[in-house]
Amino acid sequence: MDIKLETIGTTLVVKINGEIDHHTAQVFKSEVDREINLRNIVNLVLDFDGVTFMDSSGIGVVVGRYKEITARGGKVMIIRVKPQVDKILEISGLKTILECSH
Amino acid sequence: MENYMKLEVPAKSINESFVRAVVAAFSVQLDLSVEDLADIKTAVSEAVTNSIVHGYANMKGIVKVVCKVVDGCIEIEISDFGVGIEDVSMAMQPLFTSKPECERSGMGFTVMQTFMDDLVVKSKPGEGTVITMKKCIGG
Ligand SMILES: Nc1ncnc2c1ncn2[C@@H]1O[C@H](COP(=O)(O)OP(=O)(O)OP(=O)(O)O)[C@@H](O)[C@H]1O
Ligand SMILES: [Mg+2]
């Protein structure tokens, strides 16, 4: 997995490429958290176009960022979700708390 | 004789992607849909991750995987010899996690249950855990 970070004002756009599991979630978490703190980020956009796989470790890491961003009064958005990843977002209930689009 | 494969890896997180890819590749011999194969991959990832994160609590250990083709189904058995589960039915409840501080959501068993056609969890505290799951053509 690799991630690209782009900050627009107080919004952070994270482009993820590859598989999100327990092994790669650590990298995701530390890089995104560092940027959130460094640039005083309020809103978070997760671009999932390049995400080819995600399991419940991914749910945990998205929920963790959701809590942080909500505490800052911001919003989390997941965009360009692929069908298999959509399935896991659906059963985790994440789709009801986040703004998701395909 | 029915076809089968056996695999053993040390409980290292780097092996999570390896094991799920191998099981998916083995499952290709059954005429499963692309969605079925993706489901298998996700369910296997859940079980292997649980063995590493909970069974061995990120310490040393071995994760064993056995796959069998039986009557148009793929049967997958994933075992560890870790701490085991005290109360299996509680552990299987959606959102139950013993590690909320590690950003775990307690959805692993729910994912295995919804993505597979059959799931059996056998565990003994101090001995380990065996997960058996099944995916069938047109299941
Ligand atoms: N192989 C195992 N050995 C010991 N305990 C386990 C094992 N697998 C699961 N458990 C226990 O069952 C609980 C529920 O597992 P489940 O996979 O549903 O959620 P989780 O792993 O805690 O979170 P998530 O999978 O969403 O990251 C775990 O928190 C753990 O206490
Ligand atoms: Mg789990």
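Read-outs: derived from the displayed coordinates by stated rules, not from any lab. Not measured: the values here are computed from a predicted model. Neighbour counts are summed over all protein chains in view; Cβ atoms, including those assigned to glycine, are modelled from backbone coordinates with ideal geometry.
Within the set B:64, B:68, B:99, the sole residue that is basic (Lys, Arg) and away from ligand 1 (no atom under 15 Å from the Cβ) turns out to be B:68. For residue A:92, the requirement of being within 16 Å of ligand 2 (Cβ to nearest atom), polar (S, T, N, Q) and in contact with a His (Cβ under 7 Å, 6 or more places away or on another chain) is not met. Which residue is farthest from ligand 2 (Cβ to nearest atom), if the candidates are limited to region B:59-108 and must be in contact (Cβ under 8 Å) with a residue 40 or more places away in the chain and within 14 Å of chain A (Cβ to nearest Cβ)? Residue satisfying both the conditions and the ranking: B:63.
Residues in region B:28-58 that are farther than 24 Å from residue B:92 by Cβ and away from chain A (no Cβ under 12 Å): B:28, B:29, B:30, B:31, B:32.
Beta carbons closer than 7 Å, at least 6 apart along the sequence or on distinct chains, pair a first residue in region B:7-24 that is of a type in the set (Ser, Thr, Tyr) with a second that is in a loop (DSSP other than H, G, I, E, B) for B:17/A:21. No other residue among A:80, A:39 is surrounded by 15 or more Cβ atoms within 10 Å (Cβ to Cβ) and among the basic types (Lys, Arg) apart from A:80. Residues of region A:66-95 that are within 15 Å of ligand 1 (Cβ to nearest atom) and in contact with a Lys or Arg (Cβ under 9 Å, 6 or more places away or on another chain): A:89 alone.
Results for (1) more than 25 Å from residue B:17 (Cβ to Cβ); (2) touching a residue at least 12 places away in the same chain (Cβ under 8 Å); (3) touching a strand residue (DSSP E or B) at 6+ places or on another chain (Cβ under 9 Å), shown as yes or no for each residue.
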residue: A:49; (1), (2), (3): no, yes, yes
residue: A:56; (1), (2), (3): no, yes, no
residue: A:62; (1), (2), (3): no, yes, yes
residue: A:77; (1), (2), (3): yes, yes, yes
residue: A:80; (1), (2), (3): no, yes, yes
residue: A:92; (1), (2), (3): no, yes, no
residue: A:97; (1), (2), (3): yes, yes, yes
residue: A:101; (1), (2), (3): yes, yes, yes
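Note on region B:109-118: among residues that are within 16 Å of ligand 2 (Cβ to nearest atom) and touching a residue at least 24 places away in the same chain (Cβ under 8 Å), the one that is farthest from the other protein chains (Cβ to nearest Cβ) is B:116.
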